[in-house]
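Each remark here refers to the structure printed beneath this line.
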Amino acid sequence: MNSEPRDTNILSWPECARLCKSAAEDPRTTLAFRWGQTDHVLRRFFSTTALPELQTLAIVDAVWAGGPGELFLGLAARGRPLREMVVTTFVDLGRHRCVRFRVRFDGNSKPMTTYEFPKDPLHPGELELAADGLGLPRPLIPAPSRESSH
């Protein structure tokens, strides 16, 4: 599985932070960035007014405990809910087994998380540990397979 969101440039956190600080010439509806251990992502996204059209946020190599879930729910609590947040992370130190989580609100405005993972199997409990570590909301639901959607 490719860990990069399609059709979106992956920004470093400093590049992303600059976009949060000043309005982009072309309002972005989708933004993808790498979230490092010491980045002040929550503060920057919660206070920005420079991204009023933001609907989809993709976080690559997420490592900050609880942060992605707090960001998704915090933006909604501030009246700026995302349509979708995609979080890609690795569940092993060797960076071999990548998991992609998609966080959305269901038809009843309740958060839910779907997941996809690579061909390499996960060990029992790894998926739940990864989701809990990132603060992602439950329930965890397997994403529909690509074959069944054709």
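The values are calculated or read from the model by the stated rules, or taken from the named source; none is laboratory data. Here the structure is a predicted model, which means the values were calculated and not measured. Cβ: placed from backbone, ideal geometry, glycine included. Neighbour counts: every protein chain shown.
Among the listed residues A76, A62, A58, identify the single one that is closer than 22 Å to T30 by Cα and surrounded by fewer than 16 Cβ atoms within 10 Å (Cβ to Cβ).
Details: A62 fails: surrounded by fewer than 16 Cβ atoms within 10 Å (Cβ to Cβ); A58 fails: surrounded by fewer than 16 Cβ atoms within 10 Å (Cβ to Cβ).
Among A76, A62, A58, only A76 is closer than 22 Å to T30 by Cα and surrounded by fewer than 16 Cβ atoms within 10 Å (Cβ to Cβ).
Screening D92 against (1) in contact with a Phe, Trp or Tyr (Cβ under 8 Å, 6 or more places away or on another chain); (2) more than 20 Å from S12 (Cβ to Cβ) leaves a single unmet condition, (1).
Picking from residues in segment 108-144 that are under 20 Å from the mean Cα position of the chain (by Cα) and over 20 Å from A62 (Cα atoms), the one that is modelled with the lowest pLDDT is P144.
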